[in-house]
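Q: I'd like to ask you about the structure that follows.
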Amino acid sequence: MGFRRFTPSICCGWSGYTTPAYICRPFSKNCMSTLLKPSSSSSQPEYSFSGSSDSLLNIGNRRWIRLLPLTVVLYLVFLPLWWYSLHLLAAVSGVAANWIYQLFDSRVSISPDGRLVRVIVASSTGDASSSALRLDTVTYGLPMLAALVSVTRADSVLAKIRGLLLGLGVMGALTVPAVIAFAKLTSLQVEERIAPWSGDRASLIFDAIHGYAFTQPVLAVIVWLALMMLGLFKARSTQQTPVVAIARNAPCPCGSGRKYKRCCGRVSS
């Protein structure tokens, strides 16, 4: 038979010889394997990769690469809108920063001047020193954020508009602390000119303002990612829970065992 070792066995009324691999029956040329086949429960699942991804940027389909030129085009479209809105942004941030700063130091006056925010500091000697902050240096991340939000997939147009307004509102509100920090920087520079021995206290605020100005693109991306993680691009569900009518002769849902009309139904009626 070609096997070195045989073990006698009886299976289903047939005598034969078994080996770990085969059962060979005399008077029969049929041989069948006795090796255990992996069952469906013990077999490992088959893995397949379709190439798609449900991530935020849909990197599997390279969707972000296709949207990159559109983002650049929209950024160029939003640039003129941002430039002409600097007058309004300077007026709002200047008035708000002046109102807040006057609560702590009445010697400093903050007023809008076109696309600039001008800071006037009255020193103790009676002299006045002024400086101006170019608002475009601390707000040029706004058109970047508008372009990113515009190419982001949303459940509805209303959800996209809501995310756009909220993102622009957050970045616009951050302009007020930047103006207040610039006013404090101007005040410290005036004090250091009068009293040079007071130390270099303005350098830290100077570095903070310039760091905020240089990181406007990073701030725009952070605000955009925060909008997506908060789910502001998803439509709000307006479905209401349906009211199920209970038959009068049905068992009461309170679990008393009585009919609904003789239990809770009598109270509601």
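Q: When the range 234-267 is examined, which residues are found to be within 30 Å of G163 (Cβ to Cβ), at pLDDT below 75 and either loosely packed, with under 10 Cβ neighbours inside 10 Å or touching a helix residue (DSSP H, G or I) at 6+ places or on another chain (Cβ under 7 Å) (or both)?
A: Matches in the range 234-267: A235, S237, T238, Q239, Q240, T241.
Q: Look through V190, V157, V218 and report the one residue that is open to solvent by 80 Å² or more (accessible area, probe 1.4 Å) and more than 25 Å from L89 (Cα to Cα).
A: Values: V190 fails: open to solvent by 80 Å² or more (accessible area, probe 1.4 Å); V218 fails: more than 25 Å from L89 (Cα to Cα).
When all the criteria are applied, what remains is V157.
Q: For residues that are open to solvent by 20 Å² or more (accessible area, probe 1.4 Å) and touching a residue at least 40 places away in the same chain (Cβ under 8 Å), scanning just the range 102-122, find the one that is nearest to L165 (Cα to Cα). Steps first, please.
A: At the first step, the residues of the range 102-122 found to be open to solvent by 20 Å² or more (accessible area, probe 1.4 Å) are 102-107, 109, 111-116, 118, 120, 122.
In the following step, the residues that additionally are touching a residue at least 40 places away in the same chain (Cβ under 8 Å) were identified as 105, 107.
Details: D105: 33, R107: 35 Å.
In this case the residue turns out to be D105.
Q: Among the residues of the range 127-145, are any part of a helix (DSSP H, G or I), open to solvent by 60 Å² or more (accessible area, probe 1.4 Å) and β-branched (V, I, T)? Working first, answer last.
A: If we filter the range 127-145 for residues that are part of a helix (DSSP H, G or I), which is where we start, we get 135-137, 142-145.
Remaining after also requiring open to solvent by 60 Å² or more (accessible area, probe 1.4 Å): none.
No, there is no match, as no residue in the range 127-145 is part of a helix (DSSP H, G or I), open to solvent by 60 Å² or more (accessible area, probe 1.4 Å) and β-branched (V, I, T).
Q: Mind telling me which of the residues W82, W99 ends up being touching a residue at least 60 places away in the same chain (Cβ under 8 Å) and in a helix (DSSP H, G or I)? It would help to see each step written out before you state the result.
A: Numbers: W99 fails: touching a residue at least 60 places away in the same chain (Cβ under 8 Å).
Exactly one residue qualifies, and that residue is W82.
The values are calculated or read from the model by the stated rules, or taken from the named source; none is laboratory data. Everything quoted here is computed from the prediction, not taken from an experiment. Quick reminder, even Gly has a Cβ in these numbers, built from the backbone with ideal geometry, and neighbours come from all protein chains shown. Calculation scope for accessible area: heavy atoms of the full protein, side chains included, ligands and nucleic acids excluded. Shrake-Rupley method; radii C 1.70, N 1.55, O 1.52, S 1.80 Å.
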